[in-house]
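Worksheet for the structure shown next.
The values are calculated or read from the model by the stated rules, or taken from the named source; none is laboratory data. Just so you know, these numbers come straight off a predicted model, no measurement behind them. Here the Cβ positions follow ideal geometry from the backbone for every residue, glycine too, while neighbour counts run over all protein chains shown.
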Amino acid sequence: MNRHDQKIADALTTEDLWKLMLGRVPPIVSEYFRGGADAETTMRANVRAFQQSQTTAYGAQKFPNLDMSTTVVGQRLDVPWFISPVGSLRSLYPKADAVASRVAGEYGTVMALSTLSGTSLEEVSAASKGTCWFQLYLCGGRETALRGIARSKKAGFKGLILTMDTGVSGMRAMHARMKPMEAVAPFKGLGLMEMIELALRKISLAPQMLPRLPWLIRHFRDGGLIQFVNVIDDKGEPMPYTDIGTQLAASAVTWDDLKWIKEAWGNEHPLIVKGIHCAYDARKAEEMGATGVVWSNHGGRQQDRVPPSLHMVAKEMPLVGDTRLDFMMDGGIRNGTDILIALSYGLKAVGIGRVTAGGVGAGGHAGLTRAFEILSSDLDRAMRLVGVQNVEEIRSRGSEIRRESLLAGDSHLPPFEF
Ligand SMILES: Cc1cc2nc3c(=O)[nH]c(=O)nc-3n(C[C@H](O)[C@H](O)[C@H](O)COP(=O)(O)O)c2cc1C
């Protein structure tokens, strides 16, 4: 085992893996995964909301077997978390989407693949022993989206997630200031002075690249700058990476779009709407044919100052009223107790975004497997210590296992890591 592999094996928390990822991946790349919108208040609040939540612990109990399985939108997951769609994952590690899919399958759970991914739908589906969902953005317009839907069905994807909180892209200032698109711009077509300027710009990245040569070598062996191979235009060409900004800006989804999306997707497998913030939108999603919704503020990357996901779940979910929807959430999940707390509000499953990026970015299959092992042992421990045997029990006992914090201030809380 080399030194880096040993560090992965020694990681005890997802924060440990996140730090390994930051050490392995150059900041101009990793910042895309770290950042949140505007002042990043919602991004941090997602994590704070969990840190501020408390549980009780019913003692003197012993469970020979715990059951972490759950059923969501009619599909069984062996663990109550799934991989939330994370775009550009492949810039962290070769074929990272397929790597993530493999790990999810090994844990009997779902990999949700972003439209903005660099690994083909077919490869991602083939890598998993389990179920994959395809997350749809309308980049490239309706015909392109229809091609993506048809292709995902053919490739064996068993769920379609429509993300509806990206009417425009959030403003992630720190990454924007790094000017990542300049760093990957081609020399072709430039005049001499512009070429020199661009060359200097690229050379200025050397101090962050040189200490991270293993990442750089793997990145170029993997084909270098990713292409969005699941967004195929009418000429059969994939969307270039550098078009991401303009394409996203032109891809806002409306409730009307849900009609043709649902029609194209069909009824065989579930339609899930992600980016739900309020009871009104959850009800509307159900009316339009969704069977599941994900309470999510996009990891604090879209509208800053919206409430943390956990608070949306606590406040808005009960207002949905009579419904057949299955509820999920993502945003701020960093450990097993977070998962337990989220489920105690009645959710069927939770999604992990940055924990996936941290794991796969720390070291591909080994890194993400370690992240899953950590979540699994955390949740196992938390369930035994709180005194619950299965997910259904966590969901139904709800407020009986949560406790309100009577502490003033937050100086007792751990620092925000990611
Ligand atoms: C780098 C990054 C890229 C993301 N890309 C997508 C995407 O392509 N589609 C999408 O629906 N959500 C995307 N999300 C949002 C995640 O699906 C998820 O909502 C969020 O990461 C959850 O918060 P967490 O990172 O605290 O777990 C992305 C999140 C991150 C951090």
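Return yes when residue 16 is within 12 Å of the ligand (Cβ to nearest atom), of a type outside the set (Gly, Ala, Ser), outside any loop (DSSP other than H, G, I, E, B) and free of Cβ contacts under 8 Å to residues at least 60 places away in the same chain and no when it is not. It is false that residue 16 is within 12 Å of the ligand (Cβ to nearest atom), of a type outside the set (Gly, Ala, Ser), outside any loop (DSSP other than H, G, I, E, B) and free of Cβ contacts under 8 Å to residues at least 60 places away in the same chain. Summed over region 59-83, residues that are surrounded by 13 or more Cβ atoms within 10 Å (Cβ to Cβ) and either among the small types (Gly, Ala, Ser) or over 25 Å from the mean Cα position of the chain (by Cα) (or both) total 3. Of the residues screened, residue 276 is not one that is at pLDDT below 95, touching a strand residue (DSSP E or B) at 6+ places or on another chain (Cβ under 9 Å) and among the β-branched types (Val, Ile, Thr). The residue list 90, 48 contains one member that is within 24 Å of residue 349 (Cβ to Cβ) and basic (Lys, Arg), which is 48. Is it the case, given these coordinates, that residue 178 is surrounded by 15 or more Cβ atoms within 10 Å (Cβ to Cβ), hydrophobic (A, V, I, L, M, F, W, C) and within 30 Å of residue 257 (Cα to Cα)? Spelling it out, it is not the case that residue 178 is surrounded by 15 or more Cβ atoms within 10 Å (Cβ to Cβ), hydrophobic (A, V, I, L, M, F, W, C) and within 30 Å of residue 257 (Cα to Cα). Within region 79-115, the set of residues being away from the ligand (no atom under 13 Å from the Cβ) and in contact with a helix residue (DSSP H, G or I) (Cβ under 6 Å, 6 or more places away or on another chain) comprises 80, 93, 94, 98, 99, 101, 102, 103, 107. Every residue in region 163-192 that is among the small types (Gly, Ala, Ser) and closer than 30 Å to residue 276 by Cβ, please. Correct list: 167, 169, 170, 173, 176.
In the condition set (1) in contact with a helix residue (DSSP H, G or I) (Cβ under 8 Å, 6 or more places away or on another chain); (2) more than 27 Å from residue 330 (Cβ to Cβ), residue 235 is compliant with all but (1).
Could we say that residue 178 is touching a helix residue (DSSP H, G or I) at 6+ places or on another chain (Cβ under 8 Å) and not basic (Lys, Arg) here? Yes; evaluated as a whole, the condition is true for this residue. Could you run through region 183-216 and say how many residues are over 26 Å from the mean Cα position of the chain (by Cα) and surrounded by fewer than 14 Cβ atoms within 10 Å (Cβ to Cβ)? So the count comes out to 21.
Exactly one residue out of 196, 161, 203 is within 27 Å of residue 361 (Cβ to Cβ) and without any contact (Cβ under 8 Å) to a residue 60 or more places away in the chain: that is 203.
Selection of region 99-125 for residues being part of a loop (DSSP other than H, G, I, E, B), in contact (Cβ under 8 Å) with a residue 60 or more places away in the chain and among the small types (Gly, Ala, Ser) yields 117, 118, 120. Return a yes/no flag: does region 352-368 have any residue that is surrounded by 20 or more Cβ atoms within 10 Å (Cβ to Cβ), modelled with pLDDT of 95 or more, touching a Gly at 6+ places or on another chain (Cβ under 9 Å) and basic (Lys, Arg). Yes: region 352-368 contains one or more residues that are surrounded by 20 or more Cβ atoms within 10 Å (Cβ to Cβ), modelled with pLDDT of 95 or more, touching a Gly at 6+ places or on another chain (Cβ under 9 Å) and basic (Lys, Arg).
Here is a yes/no grid of residues against (1) at negative phi; (2) buried (at least 21 other Cβ atoms within 10 Å of the Cβ); (3) part of a loop (DSSP other than H, G, I, E, B):
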| position | (1), (2), (3) |
| --- | --- |
| 243 | yes, no, no |
| 246 | yes, no, no |
| 260 | yes, no, no |
| 280 | yes, no, no |
| 286 | yes, no, no |
| 294 | yes, yes, no |
| 299 | no, yes, no |
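Condition test on residue 353, is it more than 15 Å from residue 10 (Cα to Cα), more than 14 Å from the ligand (Cβ to nearest atom) and touching a helix residue (DSSP H, G or I) at 6+ places or on another chain (Cβ under 9 Å)? Considered against the rule, which asks whether it is more than 15 Å from residue 10 (Cα to Cα), more than 14 Å from the ligand (Cβ to nearest atom) and touching a helix residue (DSSP H, G or I) at 6+ places or on another chain (Cβ under 9 Å), residue 353 comes out as no.
Within region 342-363, is even one residue of a type outside the set (A, V, I, L, M), assigned to a loop (DSSP other than H, G, I, E, B), farther than 22 Å from residue 158 by Cα and free of Cβ contacts under 8 Å to residues at least 40 places away in the same chain? Checked region 342-363: no residue is of a type outside the set (A, V, I, L, M), assigned to a loop (DSSP other than H, G, I, E, B), farther than 22 Å from residue 158 by Cα and free of Cβ contacts under 8 Å to residues at least 40 places away in the same chain.
Of the residues making up region 302-325, those that are hydroxyl-bearing (Ser, Thr, Tyr) and touching a Gly at 6+ places or on another chain (Cβ under 8 Å) number 1. Can you tell me which residues in region 116-152 are among the hydroxyl-bearing types (Ser, Thr, Tyr), in contact with a Phe, Trp or Tyr (Cβ under 8 Å, 6 or more places away or on another chain) and within 16 Å of the ligand (Cβ to nearest atom)? Within region 116-152, 117, 152 meet the criteria.
Quick one: would you say residue 224 is over 25 Å from residue 121 (Cα atoms) and small (Gly, Ala, Ser)? No; evaluated as a whole, the condition is false for this residue.
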